[in-house]
Structure formats: structure tokens, C-alpha cells
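Engineer: Got a structure for you, questions after.
The values are calculated or read from the model by the stated rules, or taken from the named source; none is laboratory data. Just so it is clear, the model here is predicted, and its values are computed rather than measured. Don't worry about glycine lacking a Cβ; one is built from the backbone with ideal geometry, like all the others, and counts go over all protein chains shown.
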Amino acid sequence: MFDYLIIGGGSAGCVLAARLTEDPHIHVALLEAGPADRSVLIHCPAGLAVMAKFSLHGWGLNTVAQPGLNGRSGYQPRGKVMGGSSSLNAMIYTRGHPVDYDRWAAEGNPGWSYAEVLPYFKKAEHNERGADDFHGSQGPLNVMDLRCPNPLSELFVQAGVQAGYPRNPDFNGASQEGVGHYQVTHKNGERYSAAKAYVTPHLQRPNLQVFTGALTTRILLKKNRAVGVEFEHQGQTKQLHCQREVLLCAGAIQSPQILMLSGIGPKAHLLDHHIVPLHPLPGVGQHLHDHIDVVQVVDAPAALDTFGLSVPGAAKLLKGVWDWREKRSGMLTTNFAEAGGFIKSSPAERVPDLQLHFVIGKLINHGRTTTLGHGFSCHVCLLRPKSYGSVRLASANPQDLPLVDPDFLASRDDVERLIKGFKLMRGILAQPALAQFGGRELTATAAAQTDEDIEQAIRNLADTIYHPAGSCRMGQDEMAVVDAQLRVHGLQGLRVVDASIMPHLVGGNTNAPVIMIAEKAADLIKAAQQPL
């Protein structure tokens, strides 16, 4: 008999597994649907490009057709491997803006203000720059400056300064605004996922049992209490039971799916799929939102330091393979999106509402479309979208992927901010620091000069930058799914701990915030423990 059952071996699940098993008397099972994180493509930072191109270690999710994207289906890469999306992502360490967390608290979620969550960011972090008022140096998650940054990343920062933006050495420090180099979750030239930081060092703990290849099919309820989990493992249907709590950490797409498969969710929707509504909860799967993003690609044959298919590029890549294998250094230690920035769509904005990611290669269709030659790209994403969608069941079969509908660009405000952002991004890329390469904006966006043309280019090209959230949101109203302790409303012994609980998206990449959420949740869980 276990004390806790954790569903999902992604960032949040890994944190909880490590923190709860610090007590040798607490027994924990961690269930991950994917395999162990053994692939070299995970551990070599540049391997993310290969995983993206061939959709490796993921669920194979796409959105339903999006009216705001001219009827296109968007790509939704979610990790199906130990470490979850932290084993696939671009390893950028950003937290969002303090106002994001203060907004959570102001909307009726005590304990979630920036001042109250900052200690958990610091607790998680081992920043190689050292500790200060904003950073920790004793935590499990290694954060560092890139070991071998590409020279074009610095040129992008210079271009941003030339365009009038301040250089910012720390997006997680006193101010978020400006352009600069991202810190990354690397260590010694390798990816440092949540699995590597939190679970791998503790696999020998006798009170931790990890099940990989374990697809959760439902949470077991006894009256109004979660008492166990049913899952598919090695071709068999199995059950585990727990004495304390089930902790659902399957992410913003799968967490609401698992709740609904378990009879927890919107009553009419469950009945449509012949699922008995054991605990009607209308907000499950609602309020999904994501960072919508559009990329400008520049063809620049003279920019030979970028990643590209060419004879010189192949020679550099072969050297990079040798450098990484022998010394864990060189060009394969890149995360591709090495630099970026946080900017305002207009001076009237209180805080940055747009984020830039500069990529040292020509990024088309999430890197899944092969293109010859050299060049660079830049993303601009909308940090606080006003468009909200849903996650719904496709069927009652747990093997069937859910229906993901972020309803991108449903809000006119989102469209107008992204148009402004696209023009600001174009202005940065035109500055002398990058213009020296004589690059040419690819046709897909180059012809778009008026606001109307840019809007159509955005609708033809925009997609997620991989930050779905909010589908089991925290709050006190009738559409909230969990309370400020992350307990599912109306049930005992069940919490949700992942990006799905975010009342609103944070203004930045979401991996560090999810790790913070789990660090805080671990303390909430420990504080609630009663003697057995």
C-alpha cells in the first residue's frame, strides 16, 4: 500500500516524487505513460531539433481545426517520457512577471502572490551565477548560462539595443523588460530535465517506485474520496491504492482528460460519452489557453555560424558531434533559442506583453520542414492571451487522444497585439547588427506590409509556443476545479499539480513555474499529513 500515487512523470510529478520521499516513512508510486529518459537526443541539448522534426517522445497531439488560424490544426507537442516536456523543450529558464502571481492571489488564491512563490523558485534552483535576492544556489535544478553561445545570439541582443530596448542580463531579476541571453536548464553541457534533477538521483530510495509505460485510465473513487489509480502496464490492467492522496500531474491536456475519464467533469459531456458522472464539476477541461506565436524567418547564406544544410554546415556539425561526445562542449550544447526579450506592444502597457525567442537557424513549421542553407528566425508570442478554449474527450477510451481547442485568436485584442509585435520584431531584425548578413525575409511574411496583410500572415502561420495551461484552474467560483491548496473541489484525497491549475498564463515560459507549483504543493501536502 502506497501513501501517495503520482500520475505523470513530467516536471511536477518528478518534483513531488523527490520531495515526498525525503521522508523514509512515506511510500510513493510514480506512474509515467512513456519510457525512461535514456535517449541521447534528450541529454544532448541540440537533440531537441531531431525530436521535434520526427515527433519523438511525444503524444502526437494536435488541436482541432482553429477558425482563428484559417481552419488549420495546430501542433501540440507534449512529452511522453520521464521528465515530460522538460525532456523535450528548449530548456529556457524564465518565470514570468511578478504581476502574474499577484493577479492569481488577488483573484482569491491566497498564498500565490509573487512574494509567496519566490521562495519556491529559489528553493528549486541551483543557479551557477550564485544566489541573490532573486535566485537560489542550493536547489536540485541546475540553471546556467549557455556553455558555448552562438555569436549570432549576441548580435540579436545588439540589434535589440539598436532598436531602443535595454539590455537585460537577468529576465528573472529586478526587471523583466529588455533583450538578452536566456539562462537554461543545463549542467555540464547536457540537458538537465526535471527527471534528471529530481528523480534520477533518488531512484534507489526504497520508498519510491517508478512505473514507466503506465497509462492511467482512471482515478478510483470511493464515495467522495480518491483511493487509487487504474492503469495499463505491460499489456495488463492494474490497480494501485493509496492511504493518503492521488496527485494528478499529467499536464494541461491529460489532467482534465483523466479527470473526465474518471467521472469527474461536466455532467452533460460525460453522459455524451456514457461515463457515469460520479462527481460533476463543470470547469474540468475549460479555460484552456496557450501562448500564440508567429515566426519570421530570414534566409541569410552568409550567416554560416547558424545551423543549416550546406557543405560548411555539415562540416561544422560533424565537429560539433565530436566536441559534444568528447568534451560536452561545442555547437550541440545549444538550445537554439539562445536569446530573446520581453517587450511591450505599446508604451502604454504596464508590463511586457510580448516575448521574443531568437533562433539560430531557419525555423519553419516547428522545425519539421527541412530547408536548405543558412539563416535565422525570431518568434514573437503573446504573453497574456484573452482567447480561451477547452479540452474535451474524443471518446471514453483512454487510448484516444483528447480534443484540444485553445480557440487561438478568438479575441480581437490578441490579433491586434500580435500584429504590433510582429512589426516590432521585424524592426529588430532589420537593425545593423543583423542586417550585415544581407538576409532576406522569406516570402511567407515578406509580402505582408499592411496591418491587414500581417494579420492574414499571422492567421496562416501562427501556432503555439508550447505553453498550454488553465484547464483545471485554481479558484473559488463555480468553474474552478481546485482550491488554493490544489485540492479538487468537493473531493478528498485528490489534488492537481501542474500547469492546468494556472488561473491565467504567466508572462514567460512555463517550465520553471510548473516546478515552482510542485515545490509549493509538496509543502502543502506535507502540512496536511495526518498520522495514519
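Engineer: Regarding region 310-318, can at least one residue be identified that is surrounded by 15 or more Cβ atoms within 10 Å (Cβ to Cβ), β-branched (Val, Ile, Thr) and either outside any strand (DSSP E or B) or in contact with a strand residue (DSSP E or B) (Cβ under 7 Å, 6 or more places away or on another chain) (or both)?
Structural biologist: no
Engineer: Here is a check on your reading of the model: is SER55 at pLDDT 95 or above and either closer than 30 Å to VAL294 by Cβ or surrounded by fewer than 16 Cβ atoms within 10 Å (Cβ to Cβ) (or both)?
Structural biologist: no
Engineer: List the number of the failed condition for LEU486; all other conditions in (1) touching a strand residue (DSSP E or B) at 6+ places or on another chain (Cβ under 7 Å); (2) touching a residue at least 40 places away in the same chain (Cβ under 8 Å); (3) of a type in the set (A, V, I, L, M, F, W, C) hold.
Structural biologist: (2)
Engineer: Could I ask something else about it? Those residues that are part of a strand (DSSP E or B), in contact with a Ser or Thr (Cβ under 6 Å, 6 or more places away or on another chain) and farther than 16 Å from GLN254 by Cα, I need them from region 23-52; list them, please.
Structural biologist: Selection gives VAL28 alone.
Engineer: OK, next. Out of SER86, SER73, report the one residue that is without any contact (Cβ under 8 Å) to a residue 24 or more places away in the chain and either crowded, with 20+ Cβ neighbours inside 10 Å or in contact with a Ser or Thr (Cβ under 7 Å, 6 or more places away or on another chain) (or both).
Structural biologist: Selected residue: SER73, the only one of SER86, SER73 that is without any contact (Cβ under 8 Å) to a residue 24 or more places away in the chain and either crowded, with 20+ Cβ neighbours inside 10 Å or in contact with a Ser or Thr (Cβ under 7 Å, 6 or more places away or on another chain) (or both).
Engineer: Residues to consider are GLY111, GLY96; find the one that is assigned to a loop (DSSP other than H, G, I, E, B) and surrounded by fewer than 19 Cβ atoms within 10 Å (Cβ to Cβ).
Structural biologist: The conditions single out GLY111.
Engineer: So which of ILE525, ILE517 ends up being among the hydrophobic types (A, V, I, L, M, F, W, C), out of contact with any strand residue (DSSP E or B) (no Cβ under 8 Å at 6 or more places or on another chain) and closer than 20 Å to PRO110 by Cβ?
Structural biologist: So the residue among ILE525, ILE517 that is among the hydrophobic types (A, V, I, L, M, F, W, C), out of contact with any strand residue (DSSP E or B) (no Cβ under 8 Å at 6 or more places or on another chain) and closer than 20 Å to PRO110 by Cβ is ILE517.
Engineer: On to the next question. Please list, ordered by residue number, the helices (runs of 4 or more DSSP H) wholly in region 399-507 having 3 or more residues that are modelled with pLDDT of 95 or more and either surrounded by fewer than 18 Cβ atoms within 10 Å (Cβ to Cβ) or at positive phi (or both).
Structural biologist: 412-429, 451-461
Engineer: Looking only at residues in region 227-262 that are outside any loop (DSSP other than H, G, I, E, B) and among the small types (Gly, Ala, Ser), which one is surrounded by the fewest Cβ atoms within 10 Å (Cβ to Cβ)?
Structural biologist: Among residues in region 227-262 that are outside any loop (DSSP other than H, G, I, E, B) and among the small types (Gly, Ala, Ser), the one surrounded by the fewest Cβ atoms within 10 Å (Cβ to Cβ) is GLY228.
Engineer: Then there's this: Do the conditions hold for THR21, that is, is it over 30 Å from PRO406 (Cα atoms) and in contact with a strand residue (DSSP E or B) (Cβ under 6 Å, 6 or more places away or on another chain)?
Structural biologist: Here the answer is yes, as THR21 does meet what is asked.
Engineer: Can I ask one more? Being hydrophobic (A, V, I, L, M, F, W, C), at pLDDT 95 or above, over 23 Å from ASP290 (Cβ atoms) and in contact with a Ser or Thr (Cβ under 8 Å, 6 or more places away or on another chain), is that true of even one residue in region 112-119?
Structural biologist: No, there is no match, as no residue in region 112-119 is hydrophobic (A, V, I, L, M, F, W, C), at pLDDT 95 or above, over 23 Å from ASP290 (Cβ atoms) and in contact with a Ser or Thr (Cβ under 8 Å, 6 or more places away or on another chain).
Engineer: Sticking with this one: So if I check each of LEU363, LEU372, which one is in contact (Cβ under 8 Å) with a residue 40 or more places away in the chain, surrounded by fewer than 16 Cβ atoms within 10 Å (Cβ to Cβ) and hydrophobic (A, V, I, L, M, F, W, C)?
Structural biologist: Unique residue meeting the criteria: LEU372.
Engineer: Limited to region 379-437, what total is found for residues that are more than 24 Å from the chain's Cα centre (by Cα) and closer than 27 Å to ARG78 by Cα?
Structural biologist: Final tally of qualifying residues: 3.
Engineer: Same structure, new question: State all residues of region 1-22 that are in a loop (DSSP other than H, G, I, E, B) and either crowded, with 24+ Cβ neighbours inside 10 Å or in contact (Cβ under 8 Å) with a residue 40 or more places away in the chain (or both); if no residue qualifies, say none.
Structural biologist: Once the filter is applied, which keeps residues that are in a loop (DSSP other than H, G, I, E, B) and either crowded, with 24+ Cβ neighbours inside 10 Å or in contact (Cβ under 8 Å) with a residue 40 or more places away in the chain (or both), region 1-22 yields MET1, GLY8, GLY9, GLY10, THR21.
Engineer: Only one of these conditions is not met by GLY164: (1) without any contact (Cβ under 8 Å) to a residue 40 or more places away in the chain; (2) under 30 Å from GLU245 (Cα atoms); (3) of a type outside the set (Ser, Thr, Tyr). Which number is it?
Structural biologist: Against the list (1) without any contact (Cβ under 8 Å) to a residue 40 or more places away in the chain; (2) under 30 Å from GLU245 (Cα atoms); (3) of a type outside the set (Ser, Thr, Tyr), GLY164 comes up short only on (2).
Engineer: Among ARG384, ARG412, which is in contact with a Leu (Cβ under 9 Å, 6 or more places away or on another chain) and basic (Lys, Arg)?
Structural biologist: Only one candidate qualifies: ARG384.
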